[in-house]
Amino acid sequence: MAGLCSNSIDGETLEKARRELNEDPDTREQVIADFRAAIEEKENDPELEGVVFERKDSPFLLRFLRAKKFDQSRSLSLYMKYHTIRRDHGKIFTEDDSSANLSHILSSGILYVLNGRTRNGEKVVCIRPEKWDMEQDPAERMIRTVLLILDKLLEDEETQVHGIRVFEYFQGIEFGQLWKFSQTEAVKNGTFVKILQDSTPIRLKGVHFLCQPWYISLVLTIVKPFMKEKLRQRLHIHGTDFTELHSLMDTSLLPAELNGTGPPLEYFIASRLFKDELGEQGGGAEGVVNQNEENEQ
């Protein structure tokens, strides 16, 4: 009964899923069925009033099981938090979160997804805060856009298994921009951290700060108390030393801005992931390929 995995997932990845995530292809479908039944038992819970479980299909549920290493209890908790946080933070989630509505941010040069994968198989999302105009696009809209990108990447089973890394590229950021970001409600009350850490079915393998100014400590001082120890240990502060970065990922896959031999960062604009939905708006730089037509490792 191994039919749920797509043909795109290779034997090495399946072995990694078995070894690291406790995934057994022979029992996977039954585990998902049991997980779905546990969710359905929760649907009439008074504490979940106003919560709508829109998706209970197998591919969607598999994301949560993989994120929590097939632990039913932890997977169920994550699934519940995924939905309750959408009920409890209406300011973030009530607006249209389609790629068409968020196309401005997707095309603005703030968010990128690199081609290929790290040597460990992770996908890389690159963020360039310097390009963020918070007057035009408040933090709530940025959070929705990041989640839209993550959801798109999680359609790929390889990414579900291997995970995602985030590169924060701070070149050109000004003190005023970081200060304004540090004072947003989503940062001060830890909402952004809680959404990524506790309410999204991803394996977040690392957050890398690149070319960061000294005043990045303003933000870290605020957000670190909301981070679990596991996430704190996955923060990497590189400055302008990209040695560790180059050991993590082949330099041919890194943009010139990160001392790679690949094309400029703009080539990897996030809107290219949604070119089918956005049409010409989603094309990115000329010659950009679809994420499934990657130059692997």
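Just the residues that are surrounded by fewer than 16 Cβ atoms within 10 Å (Cβ to Cβ) and either in a helix (DSSP H, G or I) or within 20 Å of the chain's Cα centre (by Cα) (or both), please, taken from the stretch 254-280. Lay out the reasoning, then the answer.
Initial filter on the stretch 254-280 (surrounded by fewer than 16 Cβ atoms within 10 Å (Cβ to Cβ)): 256, 259, 261, 263-264, 266, 276-277, 279-280.
Scanning the stretch 254-280 gives ALA256, GLU266, ASP276, GLU277, GLY279, GLU280.
Does the stretch 177-194 contain any residue that is surrounded by fewer than 20 Cβ atoms within 10 Å (Cβ to Cβ), over 22 Å from ARG144 (Cβ atoms) and in contact with a helix residue (DSSP H, G or I) (Cβ under 8 Å, 6 or more places away or on another chain)?
yes
Here, each number is a calculation from the coordinates, and none is a lab measurement. Note that the coordinates shown come from a computational prediction; the quantities given were computed from them, not determined experimentally. All Cβ positions, glycine included, derive from the backbone under ideal geometry; neighbour counts span all protein chains shown.
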